[in-house]
1. Taking Ser44, is it in contact with a helix residue (DSSP H, G or I) (Cβ under 7 Å, 6 or more places away or on another chain) and either closer than 30 Å to Gly99 by Cβ or open to solvent by 40 Å² or more (accessible area, probe 1.4 Å) (or both)?
2. In region 88-102, which residues are assigned to a helix (DSSP H, G or I) and exposed (fewer than 12 other Cβ atoms within 10 Å of the Cβ)?
3. All but one of (1) modelled with pLDDT of 90 or more; (2) outside any helix (DSSP H, G or I); (3) not acidic (Asp, Glu) hold for Arg14, so report the exception by its number.
4. Looking at region 2-41, which of the residues that are small (Gly, Ala, Ser) and closer than 28 Å to Glu104 by Cβ is surrounded by the fewest Cβ atoms within 10 Å (Cβ to Cβ)?
Amino acid sequence: GRILLVFMFLTLLRFEMSAMQIIQNLVGSLLMVLVTVGYKTKLSALVLVTWLNILNFYFNAWWTIPAYKPMRDFLKYDFFQTLSVIGGLLMVVSLGPGGVSMDEQKKKW
């Protein structure tokens, strides 16, 4: 489940050369790597949920665009796509990382 969540997250990455976009990609990717590997999974997923929620409501505010502009449809698509990744991360927060994770292996030591 965590690996498939990575593929969903990869669709959110944008390769633009602005400073803010680079910071978004780096922070999001770092947290996603922690979730994927299973290190501090619940905490990493919860921080990533918070990060994505803030960015989603700030950058994809489709409700502020008039209905006749095509940009509204693009922002709405991005908004709900990000929301689906957030939903997957919330499942990881509630259900845990699973048996194949660093968190689970630390319990055996």
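The values are calculated or read from the model by the stated rules, or taken from the named source; none is laboratory data. No experiment lies behind these values; they were computed from the predicted model shown. Cβ atoms come from the backbone with ideal geometry, glycine included; neighbour counts cover every protein chain shown. For the accessible areas, the whole protein counts, side chains as well, though only heavy atoms, and no ligand, DNA or RNA atoms are used. Shrake-Rupley method; radii C 1.70, N 1.55, O 1.52, S 1.80 Å.
1. yes
2. Initial filter on region 88-102 (assigned to a helix (DSSP H, G or I)): 88-95, 102.
Selection gives Ser94, Leu95.
3. Just one mismatch for Arg14, condition (1).
4. That would be Ser29.
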